[in-house]
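Accompanying notes for the structure given below.
The values are calculated or read from the model by the stated rules, or taken from the named source; none is laboratory data. As the structure is a computational prediction, the values presented were derived from the model and not from experiment. Cβ placement follows ideal geometry from the backbone for every residue including glycine, while neighbour counts extend to all protein chains displayed.
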Amino acid sequence: MRIAFGTDEPTALTDAIKQHLIDGGHDVVAAAAEGAPWPDVGQAVGEAVVGNSADVGVVCCWTGTGVSIAANKVPGVRAALCTDAETARGARRWNDANVLALSLRLVSTEVAAEMISAFLDTGPDPDEAPQIAKLA
């Protein structure tokens, strides 16, 4: 799977996230320069996903809120700010989220790996398609 990745602050956590994705056999696409302003990061990852240069995206900033708001401004993006694996799994299952937003402040490397795995290993529930279509 091709994963668009972006962060406004390169950290040990963002390095671990990228390594987790690579170790999982995924291609990591740098959608924006690391350290770019969070609005640019969210937009770039969102555009990579809806432009089909990535299957899904992962964005990070201090709270995760800014990058998720910025990504959600891109038509067709459904970014979800998650803090645990079950929320990430549900975001994919029930909302067909295509961008996972993470907080650099709240998330450990272990929890980030759990969330990313849950997000990537879960597909959308076909029964939710009518609700998801309402977002368009």
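Quick notes on this structure:
- Inside the range 29-69, residues that are closer than 18 Å to residue 118 by Cβ and touching a Lys or Arg at 6+ places or on another chain (Cβ under 7 Å) make up a count of 1.
- The criterion of being over 10 Å from the mean Cα position of the chain (by Cα), at pLDDT 95 or above and small (Gly, Ala, Ser) does not hold for residue 79.
- Annotation for the range 9-27: no member residue is under 11 Å from residue 101 (Cβ atoms) and out of contact with any Pro (no Cβ under 8 Å at 6 or more places or on another chain).
- Unmet requirement for residue 5, which otherwise passes all of (1) free of Cβ contacts under 8 Å to residues at least 60 places away in the same chain; (2) within 30 Å of residue 130 (Cβ to Cβ); (3) under 14 Å from the mean Cα position of the chain (by Cα): (2)
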